[in-house]
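Undergrad: After the structure tokens below, expect a handful of questions from me.
The values are calculated or read from the model by the stated rules, or taken from the named source; none is laboratory data. Because the structure is predicted, anything quoted here is derived from the model rather than measured. Ideal geometry is used to build each Cβ from the backbone, glycine not excepted, and the neighbour counts take in all protein chains shown. Heads up: the accessible areas ignore ligands, DNA and RNA and are worked out on the full protein's heavy atoms, side chains in. Shrake-Rupley method; radii C 1.70, N 1.55, O 1.52, S 1.80 Å.
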Amino acid sequence: MQFDRGASGSDLQSEINITPLVDVVLVLLIIFMVVVPLLLQGYDVETPRPSAVVAPVQADEVQVILSIEPTACNIVVPPAGEGLPADCRVTLAEQEIPAAELPARVAEILGGRPADSRVLFLAADDQLNYEGVLRIVDLAKARVDDLTIAFVAND
Amino acid sequence: MRLGEPAPMKAVINITPLVDVVLVLLIIFMVMAPQMMRKGPDVDLPNTAKPREQGDERGRILVSVDKAGGLWIDDLAVAPNQFGDSLRAAAGDEPDPKVVIRGDAQLRFGEVRQAMVAIEEAGFHGVGLIAKSAGAKAQGD
């Protein structure tokens, strides 16, 4: 801080005063430190609707259903570590495929459709672990970013 | 004061640094306040590879499903038969309320699906399923 020394010709100060700059930068740092943990991350999905309600798919296009069965993909217990069990298989559009091929197959089937009909219906068994199901959702969305995931009402 | 004249003596206290410090403290407390009252129970969020941004947790209706399958709306544990009414009450008259589910990683999918069905029946379409990216430490819980 520079104090006014009155009328006597004070020394010329040739350094830039960086104190206000540091103040502002510190405040911004604190704001970002505190806000970042408040941000949420996740997946937008459509909630299961009663079957009478029309799904958001045009009538001339086939609905693509991804189903996950505990017999084909053992994620009844929470999957250890990251990713899915290596032998996990899912059924996409009536074809059983390894889960690792899911991103490519979903992109192939749904990637060419107009954005508002890129809908993947997801039928997951109730016994499965929630974390495992979310990892499959993550795989399905990996290549088609604006994919709509709609859970199927299976009761 | 004309150019060339020496500056007159200033007898005023320089309050700029004081104002700086006070403003910083104000901002810190403004930002900390919502975090102090972090919503909902402790939930171990599922780990996934690449979860998408879901925005700030303020302005969302936070539905939590804890390890035991109990339902929470924001801070309150809610009985399943009152869930719909409580959810509509939490939404108030907000024009486009967004509901997110924080489900525990240990849950069975069926328990989360029931929560989704209850949200759908309460008149809300679409939810965000909250996860944390693999490797990130306890984000958003």
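For (1) part of a helix (DSSP H, G or I); (2) at pLDDT below 90, each residue gets a yes or a no:
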position: B:Ala90; (1), (2): yes, yes
position: B:Asp96; (1), (2): no, yes
position: B:Glu111; (1), (2): yes, no
position: B:His125; (1), (2): no, yes
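Undergrad: Is it the case that the range A:116-123 has a residue that's in a helix (DSSP H, G or I), in contact with a strand residue (DSSP E or B) (Cβ under 8 Å, 6 or more places away or on another chain) and among the aliphatic types (A, V, I, L, M)?
TA: no
Undergrad: Can you name the condition, by its number, that A:Glu131 falls short on among (1) open to solvent by less than 40 Å² (accessible area, probe 1.4 Å); (2) acidic (Asp, Glu); (3) without any contact (Cβ under 8 Å) to a residue 24 or more places away in the chain?
TA: (3) is the only condition that A:Glu131 fails.
Yes/no per residue for (1) in contact (Cβ under 8 Å) with a residue 24 or more places away in the chain; (2) not in a loop (DSSP other than H, G, I, E, B):
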| position | (1), (2) |
| --- | --- |
| B:Leu26 | no, yes |
| B:Val43 | yes, no |
| B:Gln54 | yes, yes |
| B:Lys67 | yes, no |
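Undergrad: Run down B:Lys10, B:Lys50 and say which single residue is at pLDDT 80 or above and open to solvent by 100 Å² or more (accessible area, probe 1.4 Å).
TA: The match here is B:Lys50.
Undergrad: Specify the residue that is nearest to A:Thr47 (Cα to Cα); the eligible residues are those in the range A:134-155 that are open to solvent by 20 Å² or more (accessible area, probe 1.4 Å) and more than 10 Å from every other protein chain (Cβ to nearest Cβ).
TA: Selected residue: A:Asp146.
Undergrad: Another question, if that's okay. If we keep just the residues of the range A:38-82 that are open to solvent by less than 40 Å² (accessible area, probe 1.4 Å), farther than 30 Å from A:Gly112 by Cβ and not in a loop (DSSP other than H, G, I, E, B), which is modelled with the lowest pLDDT?
TA: Here the answer is A:Leu38.
Undergrad: So, in the range A:98-120, how many residues would count as being open to solvent by 20 Å² or more (accessible area, probe 1.4 Å) and of a type outside the set (D, E, K, R)?
TA: 9
Undergrad: Okay, next question. Determine whether B:Ala33 is aliphatic (A, V, I, L, M), at pLDDT below 85 and in a loop (DSSP other than H, G, I, E, B). Steps first, please.
TA: Details: aliphatic (A, V, I, L, M): yes; at pLDDT below 85: yes; in a loop (DSSP other than H, G, I, E, B): no.
No: the conditions fail for B:Ala33.
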